[in-house]
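A.B. asks: Following this message is one structure expressed as structure tokens.
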Amino acid sequence: MKKNFILGIVTIVTLGWFSVATAEQPKKGDVFFTRTNLKASGGQIYFHNLSANKGFIPVGTQVRVQKVTKAHITIETVTDKATYDMAVFVDKFDKYFVKNVDEIGLNKISHQYRERIKSMKIDYGMTKEEVFISRGCPSFIGRGEKTYAISLENIMQSDIWYYNQGSSRVETRVEFKDGVVSKVGSPSGK
């Protein structure tokens, strides 16, 4: 029993190391595209959507990596050369950026939802991916789990997402049924 337990731990650690080691890590000079609309203000990108902030970087914007540390990245937009800093774990980089703009799937989204995405809105019937593209990463999922250090895959498994207005006030609760928006409202469910 003890031998199987130890073997299981070794396997988990090895697989975890392998997945981190094989994931593409961003490097200075690399070019990516924003996976979502990213909230930005004063040269800072936020890991989740803060609707109180007026500015955002639109989904599909081409960016060049300027600096990378384990928990921080600096990017520059290719078209207007604006520089932004973002606190993000390098292994969670794929929540916000993709190498190929076609990975986002914007051309597969209906015209109606693409128009909603341009203004960071959520609509009934949108898929989880469409909501993520439009509003960005939720602040919390499920029963209050912060999304900062969890993967995109884990976020997509949750059927309840919360978006903050500011740094501590939850503004919107989004519920999904069968992978599409079934309810949008205040956090109290009203």
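A.B. asks: Within a Cβ distance under 12 Å of Lys177, other residues only, what is the Lys/Arg minus Asp/Glu net charge? Don't skip to the end; give the middle numbers.
C.D. replies: Working: positive: Lys128, Lys183; negative: Asp159, Glu175, Asp178.
Around Lys177, the charge tally is -1.
A.B. asks: Report the net charge of residues surrounding Phe89, where surrounding means a beta-carbon distance below 10 angstrom and charges are Lys +1, Arg +1, Asp -1, Glu -1. Before the final figure, lay out the partial values.
C.D. replies: Numbers: positive: Lys70, Lys92, Lys95; negative: Asp91.
Combined, the nearby Lys, Arg, Asp and Glu give +2.
A.B. asks: A further question on this structure: Determine, for Thr83, Thr69, Thr172, the number of other Cβ atoms within 10 Å of each Cβ, and report the residues in order from fewest to most.
C.D. replies: Working: Thr83 13, Thr69 9, Thr172 19.
Ordered by Cβ neighbours within 10 Å, fewest first: Thr69, Thr83, Thr172.
A.B. asks: Averaged over all directions, how much area does the convex hull of the C-alpha atoms of segment 93-153 cover when projected, in nm²?
C.D. replies: In nm², the orientation-averaged hull projection of segment 93-153 is 4.7.
A.B. asks: Within segment 57-140, how many Lys pairs that are eight or more residues apart, or on different chains, come under 23 Å at the alpha-carbon?
C.D. replies: 22
Every read-out reported here was derived from the displayed coordinates using simple, explicitly stated rules and does not represent laboratory data. It should be emphasised that the depicted structure is a prediction, and the values quoted were computed from it without experimental measurement. As a convention, Cβ positions derive from the backbone with ideal geometry for all residues, glycine included, and neighbour counts pool all protein chains shown.
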